[in-house]
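Peer 1: So that we are looking at the same thing, I have put the structure below in structure tokens.
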Amino acid sequence: MDHESLFDRRLLVIAGKGGVGKTTIACALGLLAAQLGKRTLLAEVDGAGRAAYLLGIPPAPAGEARALGPSLSVMSVDGSASLAEYLEIILPVKRVVQAVLSSRIYQYFVAAAPGLKELMTVGKIWYEAERTDEGRVRWDLVIFDAPATGHSLQYLRMPRAAHAAFGSGLVGRESKRIVDLLTDPRRTAINLVTTAEEMPVNETVEMYQQVRSDLRMPPGLLFVNRTHHAQFHAEDLAHAEARRGTLHDPRERAIADEVLNRAREELGWTAINGTFLRRLESEIDMPLVQVPFMFTEEFGVNEVRAIAARIAAEITPAARHRLGDGWA
Amino acid sequence: MAGLDDVLRRHRVVICAGSGGVGKTTTAASLAVRGALLGRRTMVLTIDPAKRLANALGMHALGSVSTSIGGDGVPEGMLSAMVLDQKGAWDELVERHAPSPEIRDRILANHFYQHLSQNFAGSQEYMAIEQLCELHASGAYDLIVVDTPPTRHALDFLEAPQRIADFLDRSVVKWFVRPYFSAGWATLRFVNRTVGFLFRRLEDATGISALVEVSDFFTSMSGLFEEFEPRVRRVYQLLRSPDTAFVLVATPEEQVLSEAEYFCRKVHDLDMSLRAVVFNRTHRELSGARRGVKPDEVKRVMQHLVGSAAVAERLADNFSRYETLGRGDGLRMEAFRRLLQKRVAVAEVPNFNADVHSVADLQAMHPFLFSAA
């Protein structure tokens, strides 16, 4: 795909294994899109307010957008809350909806309708992506921070399954419109996030195949998070080790040992990352964006900003230009 | 403060809990290897669908049946591993209780059943604990190490049995136990008429005939769920037994530790015993006399060793970056330790950048887990 056009989509799905930094990448993309003047909604699923935390704002109740600035809002999307919201639309009397929701049978109904919650979550994302206020689209861009791999496939698969299962009903008809959005390369791109390590790469390759063959969703970018790039070589360390005996002060020897330990760790990560970056390049046909490991005491909003700047430099020279120096 | 060796010697069940992605599976496997080396007949039970434990133990086709693992100094027959196939475990429950093959097949194809056995929050955890109870009762093992499912919140594991019990609450289930189209449903004597009407309306609108399936499921399975309360009581008895120890696994990240803190409080509230905390993938700042070493000194020492000022500078920069990581990790771990009771053992495993592929690799963790190892 064309790098520059990433932010011209309506919906960016961010998917990947748990713990690889999906939310961080989603937040960074949100900041970038907002800087480009796009009215952006970052929708997080089951994230316990993680996105809000990373952007330094308090979390809002499920289903409500909290604005970070004029252009960026964050929302935590929850299946149950979305289902309730949907019921209010299809059962127009408020009192009726309350009676349904407060009934104990309701939870059994939800449990018996396979994937209903997942469907409602994706439905809510679709609703926000298509939403208009007084004839104008509410958001230029919706970034969907999907749950961990296995789950996100379950979510993304639901609309198609629902269309097949409930074809004639209201839910079946609306599912079709969701599938149309998810598979439209002009409006949607699915982006994968991984680290360059064995298990996450295995899952990412699998996910990529499913996205292509099963979901048929248009691919966006592949973000490889936390990559290490040692600025020295194994020979440098070997050389230093060979001369260790020439240090006579025990304190200096101890310092040298620690410096060499850290250097070995960094070389080790660089090698592992290199191996799996090559595997990603050969098995996944998507433009790859490396995001370097952040050496920091505490990971927070400053780190997310630094990552946004880094991504901007890699994917959109034009965007970087418009961002000015504020990012460095 | 007793060490982790004591935890393994004094308990029959060791449950490794923690958020997803902290290295629980590897830690559980490593503890089990140690248990076997201590001369205890050990079983490690994992529920991780990624079958990572199988990889760590160098086995590729680990079924739901226990496999004996030997080699690398572990005596033959002392260490077994089992992967719980939770879907299989539910199906087995149905097999055992269904009155006829026709009803069994109908249940297995039921949407409600499929949700309950696969997607219901806590279902996987519940089945893991049931399996644990059975293994424990069999008496075949001196030590069972449990790797808990990869849930976002470690707490799910503790609450799962109660949640299932609440869900299968008898008073509600009783209401469902009658054919959907029977007089009972038509007149809806057992619930508010309006609510019944609304659900019909909802089913019409969505095209989902969900309640038929619920009713069908409970009618077919009536009897089984009557026994759920005593089963859940038995499960909590084992979790609270003095034979059972919880080991919390956490990485020193802010998000992981805040979940871990909540977990510790909850374990305590539920009268269960947290015996150890394993900090995994940690970095530490230099300590003692070497603390606060100046960049210039580092550079000077390294230049003496490598010759090139440029290379020395890069090595010094790398060192200071890792010191930054270590400072953050150290502060968070110290703050967390202050919350723990004195008798809780604490171990710290540094960040290895090698994948675990064998029993020998698992043993590489031992010097950090067990100070005397």
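None of the figures in this text is laboratory data; all of them are computed from the coordinates on show. Treat the numbers as computed from the prediction; the structure is a model and nothing was measured. Glycine also receives a Cβ, built like all others from the backbone with ideal geometry; neighbour counts cover every protein chain displayed.
Peer 1: Which length gain, in nm to one decimal place, applies between A:Glu206 and A:His248 when the Cα-Cα distance is subtracted from 0.36 nm times their residue separation?
Peer 2: Numbers: separation 42, 0.36 × 42 = 15.12 nm, distance 5.38 nm.
Taking A:Glu206 through A:His248 to full extension adds about 9.7 nm, to one decimal.
Peer 1: Per-residue Cβ counts within 10 Å, from other chains only, averaged over A:299-305: what number is that?
Peer 2: Numbers: counts 4, 1, 0, 0, 0, 0, 0.
Going residue by residue through A:299-305 and averaging, the value is 1.
Peer 1: Grab the alpha carbons of the range B:250-335, take their convex hull, and tell me the volume per residue in Å³.
Peer 2: Details: hull volume 8.9 nm³, N = 86.
In the range B:250-335, the Cα hull volume divided by residue count equals 103 Å³.
Peer 1: I'm checking a number: the convex hull volume of the Cα atoms of the range A:245-322, normalised per residue, in Å³. What is it?
Peer 2: Values: hull volume 12.1 nm³, N = 78.
With only Cα atoms used, the range A:245-322 gives 155 Å³ per residue.
Peer 1: When the dipole is taken about the Cα centre of chain A, and only Lys, Arg (+1) and Asp, Glu (-1) are charged at their Cβ, what size is it in debye, to the nearest 20? Provide the component values of the computation, followed by the final result.
Peer 2: On the way: 38 positive and 41 negative charges, 235 e Å.
Charge dipole, chain A, about its Cα centre: 1120 debye, nearest 20.
Peer 1: Pairs A:Lys124/B:Lys266; A:Lys94/A:Lys124; A:Lys117/B:Lys24; A:Lys124/B:Lys24: which are spaced more than 27 Å apart, C-alpha to C-alpha? Show your work: numbers first, answer last.
Peer 2: On the way: A:Lys124/B:Lys266 33 Å; A:Lys94/A:Lys124 19 Å; A:Lys117/B:Lys24 29 Å; A:Lys124/B:Lys24 34 Å.
Flagged as over cut-off: A:Lys124/B:Lys266; A:Lys117/B:Lys24; A:Lys124/B:Lys24.
Peer 1: Can you tally the net charge around B:Arg12? Count Lys and Arg as +1, Asp and Glu as -1, for every other residue whose Cβ sits under 12 Å from the Cβ of B:Arg12.
Peer 2: Details: positive: B:Arg9, B:Arg10, B:Arg40, B:Arg41; negative: B:Asp142, B:Asp243.
Here the charged neighbours net out to +2.
Peer 1: Taking 7 Å along the Cα-to-C-beta vector as the label spot, tell me the B:Glu297-A:Glu241 distance in nanometres, rounded to one decimal.
Peer 2: 2.5
Peer 1: Once you put a point 7 Å from the Cα of B:Arg41 and another 7 Å from the Cα of B:Ser308, both along the Cβ direction, what distance in nm separates them?
Peer 2: Distance between label points: 6.0 nm.
Peer 1: Still on this structure, I have one more. Between A:Ala271 and A:Ile90, what is the FRET efficiency for a Förster distance of 60 Å, r being their Cβ-Cβ separation, to the nearest 0.05? The partial results should precede the final answer.
Peer 2: Values: r = 56 Å, r/R0 = 0.93.
Computed FRET efficiency for A:Ala271 and A:Ile90 comes out at 0.60.
Peer 1: Starting from the 7 Å offset along Cα-to-Cβ, what nm value, one decimal, do you get for the label separation of A:Gln98 and A:Asp285?
Peer 2: 5.6
Peer 1: Ok, one more. How much mean residue ellipticity at 222 nm does chain A get from its helices, if each DSSP H run of length 4 or more adds -39500 (n - 2.57) and you divide by all residues, to the nearest 500 deg cm²/dmol? Don't skip to the end; give the middle numbers.
Peer 2: Details: 13 runs with 171 residues, N = 328.
Here the helix-only value at 222 nm equals -16500 deg cm²/dmol.
Peer 1: Taking R0 as 30 Å, what's the FRET efficiency between B:Gln341 and B:Ala364 from their Cβ-Cβ distance, rounded to 0.05? It would help to have the intermediate numbers written out before the result.
Peer 2: Details: r = 30 Å, r/R0 = 0.98.
The calculated FRET efficiency here is 0.50.
Peer 1: With everything on Cα atoms, drop me the angle between helix A:198-210 and the longest principal axis of chain A, reported from 0 to 90° to the nearest 10.
Peer 2: 40
Peer 1: Compute the Rg/Rh shape ratio of the range B:302-373: radius of gyration over Kirkwood radius, all on alpha-carbon atoms. Could you put the intermediate results ahead of the total?
Peer 2: Working: Rg = 17.4 Å, Rh = 15.5 Å.
Answer for the range B:302-373: 1.12.
Peer 1: Where Lys and Arg each count +1 and Asp and Glu each count -1, what net charge lies around B:Val344 among other residues with Cβ under 10 Å from its Cβ?
Peer 2: Net local charge, B:Val344 excluded: +4.
Peer 1: Peptide A:252-264: average number of partner chain Cβ atoms within 10 Å per residue? Working shown, then result.
Peer 2: Working: counts 9, 1, 6, 10, 6, 1, 9, 14, 4, 3, 11, 7, 1.
Per residue, the number of nearby Cβ atoms from other chains is 6 on average.
Peer 1: Something else now. If we count every other residue with Cβ under 12 angstrom of A:Leu42's Cβ, Lys/Arg +1 and Asp/Glu -1, where does the sum land?
Peer 2: On the way: positive: A:Lys22, A:Lys38, A:Arg39, A:Arg50, A:Arg66; negative: A:Glu44, A:Glu128, A:Asp145.
That works out to +2.
Peer 1: When the Cα atoms of chain A are enclosed in a convex hull and the volume is divided per residue, what value in Å³ results? Display every interim value, and only then the final one.
Peer 2: Working: hull volume 55.4 nm³, N = 328.
Taking the convex hull of the Cα positions in chain A, it is 169 Å³ per residue.
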